[in-house]
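See structure below.
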Amino acid sequence: MRQTALFIASAMFFLIGCMGGSESSTFDCAAHLAEGGTMNSVDVTMSEGSEFGRDLLSKYTSLALTTDVTVLSENECKMLPHLFAAAAEMDAIFWLQAFGDKDALLSSIEDPAIAEFAKINYGPWDRIDGNASFVDGFGPKPLGANLYPADMSKSEFDTANALDPTLGSLYILS
């Protein structure tokens, strides 16, 4: 199960990287090939931003994902925009699950390096530092993130989930 979730997450990030932030509903394989057939990469080696923000970003490195799209059939090329749209929806859902309102958070952060770090971590908590907050005004990450209300304890959630297993299901929407 964990390997499947990691595969899905990897595929999602691959597809989001392939989108390059474009909202376009079409994907031109020929144009993609003309551009070198590579995916866009996130540059986390920013020179702007505070020293604190740059120190946070130094925990990560850029990685360009590449692929040879010449092996794709015409139908597979036609399928790509649908996969990109699905990946964008999955990304938006993950933001809601991990934090909440992505745009409100990012617009509240003035330092571009810290904003980039928030994008990487899907919120104001550092995932590789025990979910420590790195944005002023945010305390510890709620135990349930957005899976259950912040004022609900885990034991209360577990009790409710025992009565209605769809509450904690990764697949069933209640």
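Just so you know, all these numbers are worked out from the coordinates, no wet-lab data involved. Bear in mind the structure is a predicted one, so any value in this text is a computation, not a measurement. Note: ideal-geometry Cβ built from the backbone for every residue, glycine included; neighbour counts use all protein chains shown.
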* **Likely footprinting exposure, 141, 154, 119, fewest C-beta neighbours within 10 Å first** => 154, 119, 141
* Asked: Cross-link partners among lysines for residue 102, C-alpha distance below 27 Å, same-chain residues fewer than 8 apart left out?
  -> 59, 119, 141, 154
* Rounded to the nearest 20 Debye, what is the dipole magnitude of segment 52-153 about its Cα centre when Lys and Arg each give +1 and Asp and Glu each give -1 at the C-beta? -> 180
* Estimated vicinal HN-Hα couplings, Hz - segment 65-79 in sequence order (Karplus 6.51, -1.76, 1.60; Gly, Pro = x) -> 8, 10, 7, 9, 7, 5, 7, 7, 6, 4, 5, 5, 5, 5, 6
* **Two-site label geometry, residue 169 and residue 146: point separation in nm, points 7 Å out along Cα→Cβ** => 2.1
* Asked: Modelled label-to-label distance, residue 63 and residue 86, 7 Å Cα→beta-carbon offset: nm?
  -> 2.2
* Fewest to most neighbouring Cβ within 10 Å: what's the order for 79, 90? -> 79, 90
* **Peptides ranked, highest mean first, by Cβ atoms within 10 Å: ranges 50-57, 102-109** => 50-57, 102-109
* Taking 7 Å along the Cα-to-C-beta vector as the label spot, tell me the residue 136-residue 50 distance in nanometres, rounded to one decimal. => 0.7
* Structure fact -> The FRET efficiency for residue 161 and residue 96, from their Cβ-Cβ distance with R0 = 22 Å and rounded to 0.05, is 0.70
* To do: Would you mind calculating the gained length between residue 103 and residue 72 on full extension (0.36 nm times residue separation, minus the Cα-Cα distance), in nm to one decimal?
  => 7.7 nm
